[in-house]
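The values are calculated or read from the model by the stated rules, or taken from the named source; none is laboratory data. Quick caveat: nothing in here was measured; it's all calculated off a predicted structure. With ideal geometry, Cβ positions are generated from the backbone for all residues, glycine too; neighbour counts draw on all protein chains shown. Please note that ligands, DNA and RNA were not included when accessible areas were found on the heavy atoms of the full protein model with its side chains. Shrake-Rupley method; radii C 1.70, N 1.55, O 1.52, S 1.80 Å.
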Amino acid sequence: MMKKIFFFVHSMNVGGVEKALLGLLSAIPMDKYEVHLGLIHEKGGFLGFLPKEVIIHEISVYNKYWRLINDPPLWNVKSLLKQGHIIEALIHFFLYIQFKLTQNRYWFYQYLLRKEPMMSEKFDLAVSFAGPSQMMDYYICEKVNAKVKCGWIHFDVSKFGIDKGMTAKLYKKYQKIFIVSETAKEIFDGIFPQFKNKTEVFYNIVSQNQVIHLAEQGDSFSDHFNGKRILTVGRIFEEKGQRVAIEALKLLLDKGVDVKWYFVGDGKDKEFCQLLAENLGIADHVVFLDTQTNPYGYMKDCDIYMQPSRHEGFCITLAEALCFGHPIVATDFTGAREQLKDRENGVVTGMSANEIEKGLEEILASGCKSCSVHSVPVPEIKPFTDLLCD
C-alpha cells in the first residue's frame, strides 16, 4: 500500500515557495507515494505545472474566517457588538487581552476553528510547506490526521513578524523542521533553540536540465538593445529590492554605462517602481516584463543576473540563474553567500544603491565573462522520505 503525503500551501501562484514545491514533487516517485496538496485558494500560474497524480484539496477555512483573522481585534469586537453578538464580542475581547499578555495567538485559532472538523483522510506524513504560518501550522497540527508531521521554512524568520509564542507551541508537534539554507537554519535555531535537534537543512531542488530545456522554449528579449542587459526575476515587492535596484541603475547611467535593467514579475510595488524610474529620468532603461511562468529564456540571454533582495531564505531564482554561467550580483541576504561562495564571476554586495552599483561595475569591468556551467547539485531526498519509514 502506498504511503500518503499531504502538503499544505496557500496557492500555486508564481513564487519561490510554489516553485520549491514543484521541485520537490518532481523528485518524489509518484508510483511509490500518494501525494495530496491542500490549497487555501485553488488558483495560480503554477497550478497547471503540478504532476497529474497529485490530489488537490481546497481548504476553505481561511476564506471563512479571513476578516476575523486579519482585521484589528478591537474592530472585530465593536463589529460583533453592533450586530448584537454580545457573548461573542466578550470572548473575542478576552482573546485579544490574552494575546496582548502572551503574544501567542494559538487560543484565538483554537476558538475560531473549534467547530471545523478534522480532515477525513488519514496520512502517513503531513507537511506545512510555507511556515511559520499561523493558519497553515495550526491546521496541520490540529486538523490533519497524520502519523508524522513536519514544518518547512523558506525565509529568514528574523525579518518577519512571526507569532513566536504560537510557533513555539505548534512546532513541538513536528518531528522534523526542514529549512532551506544553513544561514536560515542558524537564525531559526537562535530564536528557537528548543527545536535545534529537529531542524535540518534541505536545499530547494532545482533541475538544471529542466531549466535549460525550458529556456529553449521560453520568450526572450525582443527590443534589439545593443548594450548590457541586467535581469531580475521575482515578485515586485519592497522586500525584493527593485526600488534600490532602480536607484543603482541611475548611478550606472550617470557614469555613461550603456545598460538596461529588465524586471520579470509583478506585485504591489510595481507602480511605485515605474514612477521612480520616471522621476529619475531613466524610464527608457527600465523594462517591466510582468509575471512569466517560464522566465528562463531571459535568464539564458541576459548579460548579468542581479538579485537585489532585502531578505530571502534560499532564493530559488538565484539558484536557477546559476544554471547558465552568467555573471551574478546579489545583495547579502540569507543564503546568498552559500550559493555564490565558489562562483568565480559572482559578487555579493551590501543593500544600498551605491554598493549594488559598485558590484555591477566590477562585473562590467571584467567584461561580463561567463563561467563554465557546472552541474547543479540536487539535494538528496532521503532525509524527507525517511520520515515515512515505519
- Query: Any idea of the accessible area per residue across the chain, 1.4 Å probe, to the nearest Å²?
  - Reply: 46
- Kindly write out, for the range 66-74 in residue order, the coupling ³J(HN,Hα) from the Karplus curve 6.51 cos²θ - 1.76 cosθ + 1.60 (θ = phi - 60°), rounded to whole Hz, with x marking Gly and Pro. 4, 5, 5, 6, 9, 6, x, x, 5
- Net charge near Phe237, counting Lys/Arg +1 and Asp/Glu -1 over other residues with Cβ under 13 Å of its Cβ? +1
- Note on the structure: In terms of the alpha carbon gyration tensor, root eigenvalues a ≥ b ≥ c, rounded if a/c is under 1.5 and otherwise prolate when a/b exceeds b/c or oblate, the range 68-161 is oblate
- Query: On full extension of the chain, what length is gained from Glu58 through Ile381, given 0.36 nm per residue of separation minus the C-alpha to C-alpha distance?
  - Reply: 113.6 nm
- With R₀ set to 41 angstrom, the calculated FRET efficiency between the beta-carbons of Lys78 and Ser366, to the nearest 0.05, is 0.10
- Note on the structure: Under the Karplus relation with 6.51, -1.76 and 1.60 and θ = phi - 60°, whole-Hz ³J(HN,Hα) for the range 275-285, x at Gly and Pro, equal 5, 4, 4, 5, 5, 7, x, 10, 4, 5, 10
- Note on the structure: In the neighbourhood of Ala184 defined by beta carbon distances under 13 Å, the net charge of the other residues (Lys, Arg +1; Asp, Glu -1) is -4
- Note on the structure: Carbon plus sulfur, as percent of the 1.4 Å-probe accessible area of the range 1-111, comes to 61
- Semi-axes (Å, rounded, descending) of the ellipsoid equivalent to the range 186-293 per its C-alpha gyration tensor are 33, 21, 13
- Could you give the length gained on full extension between Lys196 and Phe225, defined as 0.36 nm per residue of separation minus the Cα-Cα distance, in nm? 5.4 nm
- May I ask for the longest run of the chain untouched by GluC sites (Glu not before Pro) that are loop-located per DSSP and have at most 13 neighbouring C-beta atoms (other than their own) within 10 Å? 54-343
- Among all the lysines, which ones have a C-alpha under 19 Å from Lys196's C-alpha, if same-chain residues fewer than 8 places away are not counted? Lys149, Lys164, Lys169, Lys172, Lys173, Lys176, Lys185
- Message: I'd like the trypsin sites (Lys or Arg not before Pro) in the range 1-43 restricted to DSSP loop residues with at most 14 other Cβ atoms within 10 Å, sorted by number.
- Response: Lys32, Lys43
- Rank these residues by their accessible area, most exposed first, probe 1.4 Å: Asp156, Asp219. Asp219, Asp156
- Note on the structure: Rounded to the nearest 5, the percent of antiparallel DSSP beta bridges in the chain equals 0
- Query: If Tyr65, Tyr298 are ordered by their accessible area, calculated over protein heavy atoms with a 1.4 Å probe, which sequence runs from highest to lowest?
  - Reply: Tyr65, Tyr298
- Query: Modelled label-to-label distance, His41 and Trp107, 7 Å Cα→beta-carbon offset: nm?
  - Reply: 3.3
